[in-house]
Amino acid sequence: MKKLVSDQIVDYLERRGVEYVFGLCGHTVIAMLDAFSRSTKLRYISVRHEQIAATAADGYARVAHKAGVMICHLGPGLTNATTGVANAAFDSIPMVVIAGDVPSYYYGKHPHQEVNMHCDGSQYDIYKPFVKRAWRIDRPEAFPEVLD
């Protein structure tokens, strides 16, 4: 049986020694939450706002000297996390943000909470001015290359 991409991401995070992931539930990250529930090595810390998730991941990274990891929903989730992610980036604090997205066949059709005022499906562009790398992964086969 093939593993879901969410399970593959959890396996990868476990192999990299990640212990905590901070985040907020949303329909685009439900599979990730399910995969976290099966992990014996990762602890998912649920928060009430994406900015808290970003700030918690930043704080964890500063104290533990490991990359902080957070997950969030698309649209307002990504924009709400921006301040915490930018703060970490400006202080060269390692952080990984994993944001769920709608299926690609919805790009440009204005699905629930898609930020699509001038571009189709390019919400991650919001982060490009202040992070080292930002990707949208359109095919599951691209995950291994991007994760490394």
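If I ask for residues that are open to solvent by 30 Å² or more (accessible area, probe 1.4 Å) and among the aliphatic types (A, V, I, L, M), which ones from the stretch 1-32 would you list?
Those that are open to solvent by 30 Å² or more (accessible area, probe 1.4 Å) and among the aliphatic types (A, V, I, L, M): Met1, Leu4, Val5, Leu24, Ile30, Ala31.
I'm trying to understand the selection: among the residues of the stretch 1-29, which are among the hydrophobic types (A, V, I, L, M, F, W, C) and either within 23 Å of Ala88 (Cβ to Cβ) or touching a helix residue (DSSP H, G or I) at 6+ places or on another chain (Cβ under 9 Å) (or both)? Walk me through it before giving the result.
From the stretch 1-29, those among the hydrophobic types (A, V, I, L, M, F, W, C) are 1, 4-5, 9-10, 13, 18, 21-22, 24-25, 29; that's our starting set.
Selection gives Leu4, Val5, Ile9, Val10, Leu13, Val18, Val21, Phe22, Leu24, Cys25, Val29.
Quick grid of which residues meet (1) of a type outside the set (Val, Ile, Thr); (2) in a helix (DSSP H, G or I); (3) surrounded by fewer than 21 Cβ atoms within 10 Å (Cβ to Cβ); (4) on the phi < 0 side of the Ramachandran plot:
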position: Asp34; (1), (2), (3), (4): yes, yes, yes, yes
position: Tyr60; (1), (2), (3), (4): yes, yes, no, yes
position: Lys66; (1), (2), (3), (4): yes, no, yes, yes
position: Ile71; (1), (2), (3), (4): no, no, no, yes
position: Leu74; (1), (2), (3), (4): yes, no, no, yes
position: Ala81; (1), (2), (3), (4): yes, yes, no, yes
position: Gly84; (1), (2), (3), (4): yes, yes, no, yes
position: Asn87; (1), (2), (3), (4): yes, yes, yes, yes
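How about the stretch 89-115: which of its residues are at pLDDT below 95, in a loop (DSSP other than H, G, I, E, B) and open to solvent by 60 Å² or more (accessible area, probe 1.4 Å)?
Lys109, His110, His112, Gln113
Restricting attention to the stretch 36-48, and to residues there that are open to solvent by less than 50 Å² (accessible area, probe 1.4 Å) and either among the basic types (Lys, Arg) or part of a loop (DSSP other than H, G, I, E, B) (or both), which single residue is farthest from Leu147 (Cα to Cα)? Outline the logic, then answer.
Our first condition is that a residue be open to solvent by less than 50 Å² (accessible area, probe 1.4 Å); within the stretch 36-48, this holds for 36, 39, 42, 45, 47.
After this cut, where a residue has to be either among the basic types (Lys, Arg) or part of a loop (DSSP other than H, G, I, E, B) (or both) as well, the list is 39, 42, 47.
Details: Ser39: 18, Leu42: 17, Val47: 24 Å.
Top of the filtered list is Val47.
The values are calculated or read from the model by the stated rules, or taken from the named source; none is laboratory data. Every value quoted in this text rests on a predicted model; they were computed, and no experiment measured them. Heads up, the Cβs are rebuilt from the backbone with ideal geometry, glycines too, and the neighbour counts pull from every protein chain shown. The area values use the complete protein model at the heavy-atom level, side chains included, leaving out ligands, DNA and RNA. Shrake-Rupley method; radii C 1.70, N 1.55, O 1.52, S 1.80 Å.
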